[in-house]
Amino acid sequence: MITREQIPTVLDHPVYDADGSKIGDAKHVFLDDATGQPEWVSVRTGLFGTSESFVPIQDASVVEDHLEVPYPKDAVKDAPNVDVDAGGHLSEEEEHRLYEHYGIDWDAAWQQASQPTTGMPAAADTGTGTDDAMTRSEERMHVGIERREAGRARLRKYVVTEEVQQTVPVRREEVRVEREPITEANRDAAMAGPDISEAEHEVVLHEERPVTETETVPVERVRLSAEERTEEETVRGRVRKEQIETEGVEDEPPRDM
């Protein structure tokens, strides 16, 4: 158990579990009304310290610049959510739930008290306890940024077949019979053979036809690139702040320092 004199060295310092894992930072120490000794410490946990969990410190110890508690980190984070009222007290029901969560014998804990109590430990002053001033605290919201995967894009190449057509001129030969009368100019050629005979003459015909072939040529290059765009987003949260009211005296506004 830590002493009252060690409270200033505990507040706003790290809190570790028995395995050396950091749980969070100590924010408030609560005293037992009966013994006046530290009984609970509240620890800020979670992302940006947005949660606050209560941990028993009867078996805690101060090691160098931090506080060590004999409870696992997950057990502290899963502790029942407790709201501290303006008086800085835990109700008996809230304290009972915390005792049950940490496996502490409720009846045995009460028997250790020197006198009957109402079961509501008082919050320790966050100062040194040597003056009459009251410290007013408030929560501040800190907003950070985390990077996560929002989606994926990919390029995929596949083959399709298209029908194309193109018109080209083609030529072909056809047979045409030409007859010419016998004249003095062609008589000798006409009478060069036998008078009566059989003969055969063959002409080879030609034609053109389209011939196709394919050629692969590069036409363009395609790539994916990520473009970063900055947008404004509004983050809302709830923070608590302490208010101090006076009774019997007139409250003066704070003076400029």
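The values are calculated or read from the model by the stated rules, or taken from the named source; none is laboratory data. Owing to the predicted nature of the structure, the values given are computational and were not obtained by experimental measurement. With ideal geometry, Cβ positions are generated from the backbone for all residues, glycine too; neighbour counts draw on all protein chains shown. Protein only, heavy atoms only, side chains kept; ligands, DNA and RNA dropped before computing areas. Shrake-Rupley method; radii C 1.70, N 1.55, O 1.52, S 1.80 Å.
Distances between placed amide hydrogens fall under 5 Å for residue 28 paired with 42, all partners being 5 or more residues away or on another chain. With no solvent and one equal point scatterer per Cα, compute the Debye intensity ratio I(q)/I(0) for region 150-247 at 0.12 Å⁻¹ and report its log10, rounded to two decimals. Ignoring solvent entirely, the Cα scatterers give -0.89. Approximating the spin labels as points 7 Å out from Cα along Cα→Cβ, the residue 3-to-residue 180 distance works out to 14.3 nm.
What FRET efficiency would be calculated for the residue pair residue 233, residue 63, taking the C-beta separation as r and a Förster radius of 35 Å, to the nearest 0.05? Kindly include the intermediate steps, with their values, before the conclusion.
Values: r = 41 Å, r/R0 = 1.17.
Given R0 = 35 Å and the Cβ-Cβ separation, E is 0.30.
Solvent-accessible area of residue 159, all protein chains in place: 140 Å² (probe radius 1.4 Å, heavy atoms, ligands and nucleic acids excluded).
If the viscosity is 0.890 mPa s and the temperature 25 °C, what translational diffusion coefficient in µm²/s does Stokes-Einstein give for region 12-68 when Rh comes from Kirkwood over Cα pairs?
Details: Rh = 11.6 Å.
Taking Rh from Cα pairs, D becomes 212 µm²/s.
Annotation: amide H of residue 52 within the under-5 Å range of 45, sequence separation 5 or more or interchain, hydrogens built in the peptide plane. Excluding residues fewer than 8 places away in the same chain, name every one of the lysines whose C-alpha is closer than 23 Å to that of residue 73. Result set, ordered by chain and number: 22, 27.
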